[in-house]
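Q: Encoded as structure tokens, here's the structure I'll be asking about.
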Amino acid sequence: MIKANRNKKLKIQAEAIIRKFKGEYGYYAIRGNYKFLKMLYYKARLFWYKMLNHRGGRKKSYTKEAFDDLIRIFAFEKPRILHNI
């Protein structure tokens, strides 16, 4: 999903990723699954960072600090437990 959308505008990419995260959190956010959600969040975030830095032929589009700012701007939701089953 991220790889297929990497040439689209950042806003479109971020909205798609946020929608995916909300769906994953809604389904998997049960007690005892926090480690999985945290791993999913950080791996997806790292993958998006790599994809953004590989597009357009430029050597490096984003530094870690600039990418963290991007995450804050688009208000990426960190994992949390939603259901106590």
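Q: What Kirkwood radius, in Å to one decimal, follows from the Cα pairs of the stretch 10-73?
A: 13.0 Å
Q: Under 18 Å between alpha carbons, and skipping anything fewer than 8 positions from LYS43 in its own chain: which lysines qualify?
A: LYS3, LYS20, LYS22, LYS35, LYS64, LYS78
Q: Enumerate the amide H contacts of TYR62 below 5 Å, restricted to partners 5 or more residues apart or on another chain; note that Pro and chain-start residues carry no placed amide H.
A: none
Q: Please name whichever of ALA29, ASN53, LEU70 sits farthest to the positive end of the charge dipole of the chain, dipole taken about the Cα centre and charges placed at Cβ: Lys and Arg +1, Asp and Glu -1.
A: The listed residue farthest towards the positive side: ASN53.
Q: Next question, about the same structure. Output ³J(HN,Hα) for the stretch 32-45: one whole-Hz value per residue in order, computed from phi by the Karplus curve 6.51 cos²θ - 1.76 cosθ + 1.60 with θ = phi - 60°, and x for Gly and Pro.
A: x, 10, 4, 4, 4, 5, 5, 5, 4, 4, 6, 5, 5, 5
Q: Given points 7 Å out from each Cα along the Cα-Cβ axis, report the ARG72 to LYS20 separation in nanometres with one decimal.
A: 2.5 nm
Only the coordinates and a few stated rules stand behind these numbers; no lab work does. The structure presented is a predicted model; accordingly, all values stated were derived computationally and were not measured. With ideal geometry, Cβ positions are generated from the backbone for all residues, glycine too; neighbour counts draw on all protein chains shown.
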